[in-house]
Each structure stands twice: as structure tokens, then as C-alpha cells.
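First the structure, in the form of C-alpha cells, and then the observations on it.
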Amino acid sequence: MTKLMEYLLEPQTAVVFDIDGVLAVYEFGELSHSACPDEDWEDYVRTHDPYASSRPVPQIKRFIKDKGESRVWACSQASDVEAPGKRAFVTRCYGLVPSHVVTVAQKAEKVEFLRRLAQELKVPESRVAIVEDTVKTLDLVNRETNCVTVHVSSFFDYGM
């Protein structure tokens with residue numbers, strides 16, 4: 001096991017996962033990653049629940065089981081239309097309590113969520129980690145906080 005995984009598994013470390021492309025396999029279309037162009041996504045979500053058929057990632061599911069759900073959160077950008085499907089997916093597939101599934105209007109608001117979480121848990125920011133698939137978001141968090149930044153690819157061989 002890597003030093004990073006050992007650190008994330010430590011009881012005092014809080015781990016925050018993005019949803020799309022991290023907790024949810026990003027396969028929304030038929031033989032395609034997307035069911036529609038980005039600009040039509042919100043209209044699509046009004047008539048479909050893409051998260052009803054989303055699949056969890058076995059390695060991350062195993063990690064959360066090993067760590068325990070009490071120190072795990074999900075935080076994702078989502079519109080009011082999209083948020084209920086995301087929340088239901090995470091609670092159903094990963095067992096997180098609804099209060100540990102947070103949605104934000106803008107990706108930059110993740111930084112504020114991470115800071116607030118560290119304060120609420122009374123831990124230094126270095127004890128809060130975010131797991132993302134978007135390097136720009138990881139770079140932003142890295143610049144703005146002392147939180148641990150983890151690319152989802154770090155979990156590819158977890159538990160193997």
C-alpha cells in the first residue's frame with residue numbers, strides 16, 4: 001500500500017470524493033461517456049435520472065469500507081435539478097449519510113467546503129483530502145489550501 005493510501009486511511013484524515021468520474025463511473029451515453037452535449041445536460045437530467053443506472057467504483061467502495069463512512073464525504077458541483085440524483089446514488093451505492101453528500105454551485109466552492117470541513121472537524125487542512133478527476137480542480141485546491149490533493153487514478157489498484 002502506498003504512503004498516500006496509508007495517510008488517507010488514518011482515522012484523523014477526512015476524505016472528500018468528487019462524484020462524476022470518481023464515485024460514479026462516467027458512462028452516461030450508449031457507447032459514449034455522455035448522453036448529450038454539455039449545454040443540454042440540465043434539460044436531459046430533467047427527464048432522465050442518469051445516476052439511477054450509474055455504477056460505483058469497486059476500489060473506492062472497498063476503500064470507504066476499510067476507512068469507515070464517518071470520515072468520508074462527497075462534494076460535487078450540481079444544479080438543483082441534478083443534486084437529488086447524485087445524493088441518492090452516493091447514499092445507495094456507498095452508504096454515506098445524506099449530510100455527508102454536499103453539492104456546490106461552482107467548482108471553486110469546493111475550496112470553501114474543504115476549509116469549513118477542517119474547521120468543523122477541528123483538524124488542520126492537511127488532514128482533509130480531496131479526491132478528484134479534474135486536474136484544474138486539484139490545482140485550485142492545492143493553490144488555495146493546505147489540503148491533500150489526490151487524483152482518482154491513485155485508487156486504480158487499491159485492494160488488489
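Considering segment 103-160 alone, what residues qualify as being outside any helix (DSSP H, G or I), among the polar types (S, T, N, Q) and open to solvent by 60 Å² or more (accessible area, probe 1.4 Å)? Working first, answer last.
Within segment 103-160, the subset outside any helix (DSSP H, G or I) is 103-108, 122-124, 128-134, 145-151, 156-160.
Within this subset, residues satisfying the condition of being among the polar types (S, T, N, Q) are 103, 106, 134, 145-146, 149.
Within segment 103-160, Q106, N146 meet the criteria.
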Does any residue in segment 92-105 that is aromatic (F, W, Y) come within less than 8 Å, Cβ to Cβ, of a residue that is open to solvent by less than 20 Å² (accessible area, probe 1.4 Å) six or more places away or on a different chain, and which pairs are these? Y94/L23; Y94/I60; Y94/I64; Y94/V72; Y94/A74
Which of the residues belonging to segment 74-96 are polar (S, T, N, Q) and closer than 20 Å to E42 by Cα? S76, Q77, S79
Members of segment 1-19 that are open to solvent by 30 Å² or more (accessible area, probe 1.4 Å) and either part of a loop (DSSP other than H, G, I, E, B) or in contact (Cβ under 8 Å) with a residue 24 or more places away in the chain (or both): M1, T2, L4, Y7, L9, E10, P11, Q12
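The values are calculated or read from the model by the stated rules, or taken from the named source; none is laboratory data. Keep in mind that what you see is a predicted model, and the values were worked out from it rather than measured. For neighbour counting, all protein chains shown are included, and Cβ atoms are generated from backbone atoms with ideal geometry for every residue, glycine included. These area figures cover heavy atoms from the full protein model, side chains too; ligands, DNA and RNA do not enter into them. Shrake-Rupley method; radii C 1.70, N 1.55, O 1.52, S 1.80 Å.
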